[in-house]
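Read-outs: derived from the displayed coordinates by stated rules, not from any lab. Computed from a predicted structure; not experimentally measured. Cβ atoms come from the backbone with ideal geometry, glycine included; neighbour counts cover every protein chain shown.
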Amino acid sequence: MIRLMTYNWQQNDWPEFRYDLSGIQDDLFAFAEKTGHASGLLKGLTADAQAETSIEMMVVEAIKTSAIEGELLSRKDVMASIRNNLGLAPEAPGGDKRAAGAAALMIDIRNSFAAPLSENMLFDWHRMIMRGHRHIAAGQWRTHADPMQVVSGPVGHERVHFEAPPSSRVPAEMTRFIQWFNDTAPGGNWEIRKAPVRSAVAHLYFESIHPFEDGNGRIGRALSEKALSQGLGRPALLSLSRAIETNRKQYYEALQEGQQSNEITPWVTWFVNVVLEALIQAEEQIEFTLKKTRLFDRWRDQLNDRQMQILRRMLDEGPTGFEGGMSAKKYMVITGASKATATRDLQDLADKGIVVPAGGGRSIHYKINL
């Protein structure tokens, strides 16, 4: 049988990745510029607001990295788990073990960003994200004899996008990968000075080995964040997965193309642009937090407890806002107020310019005015 295509790990130059950065010098400069700008914005926030921004980024990353794999987590459960892990939650987190595991991963990525990568660290991460998943051997490399394939399409008409090295090769491949990751870190023997480039290569390299039975995408994106954080010398304040999830189809296409050769310039170019998009979104989040803080500072003593509760609930959704806006009916459900009280409270918020009405009659609803 003639093999029409070989994957990167089957080629003689594996894993000697090659790439040309001449076409993305402006993008790499923009990365440095935007990280500096984001740091400046962050310093303009109070300590509490800075902590809130960091928590929001972790919540978004946990939700989006799971969503890319088709797993939907409750924002409320993830938020509660992260706040609980940080000692900030007055109440116990929800009972979703998947949300608790995703939250634990987010905390660990940030707390241990400077530490060298190790097999035990990867196993711990895998155990975290496999919480609540049955029939998956957590905290160990895959061992099955069947090919590890990335496929799509209905049963009987599957399309194979990629086939990873056999399980027997995984331990040796991962030993080499871990050594490469640590050697290319800041101060390492083979340091890759451009953090977004190292982040891109690390992701492709790991995904090409596909060492776990499940969860490879989530851990691969965690490694990308670790690489960025090490390059910055602090936890990266962004959500790679939100930017990737927005371009999910392109992500898989770029990854598939990158796994066909060890000349990976197109992949590195694509990934660096995703990092830039994530930074733009991070700036929006920081600016949103600043506006939210100013809003509460201005109106804190002029609103009743119900109105403050509603504003917090609406703003918990982030810069994209509360889906469908706030109606009197939603207000009643959230606060327990009567219809007359809900209508009066909302009208008062509108008179103060805190919310703006949309629609009319029974369909009237309100959006936050930042």
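Spin-label model, GLU191/ARG300: points 7 Å from Cα along the beta carbon direction are separated by 4.4 nm. The order of GLU158, GLU263, GLU323, going from fewest to most other C-beta atoms within 10 Å of their C-beta, is GLU323, GLU158, GLU263. In segment 202-357, inverting the average of 1/r over every pair of distinct C-alpha atoms gives 18.9 Å as the Kirkwood radius. Note that segment 303-368 shows a convex hull volume over its alpha carbon atoms of 78 Å³ per residue. Where only DSSP H runs of four or more residues are counted, the chain gives -18500 deg cm²/dmol as its mean residue ellipticity at 222 nm, each run worth -39500 (n - 2.57). With the gyration tensor restricted to C-alpha atoms of the chain, the semi-axes of the equivalent ellipsoid amount to 42, 23, 19 Å, longest first. Can you pull the Kirkwood radius for segment 243-284, inverse mean 1/r over Cα pairs, to one decimal in Å? One decimal place: 10.7 Å for the Kirkwood radius. Each peptide in 276-282, 100-106 receives the mean, over its residues, of other Cβ atoms within 10 Å, and ordering these scores from highest gives 100-106, 276-282. When +1 charges are put on Lys and Arg Cβ atoms and -1 charges on Asp and Glu Cβ atoms, the dipole computed for segment 8-288 relative to its Cα centre reaches about 540 debye. Summary: within the chain, the longest segment free of trypsin sites (Lys or Arg not before Pro) located in DSSP loops with at most 15 other C-beta atoms within 10 Å is 194-351.
Panel order for MET308, MET314, MET57, by other beta carbons found within 10 Å of each beta carbon, from fewest to most: MET308, MET314, MET57.
The magnitude of the dipole of segment 207-294, with charges of +1 and -1 set on the Cβ of Lys/Arg and Asp/Glu and taken from the Cα centre, is near 500 debye. At the listed q of 0.22, 0.24 Å⁻¹, the Debye profile of segment 110-195, built from one uniform point per Cα, gives log10 I(q)/I(0) equal to -1.16, -1.21. Taken about its Cα centre, segment 220-370 carries a charge dipole of about 740 debye when Lys and Arg each add +1 at the Cβ and Asp and Glu each add -1 at the Cβ.
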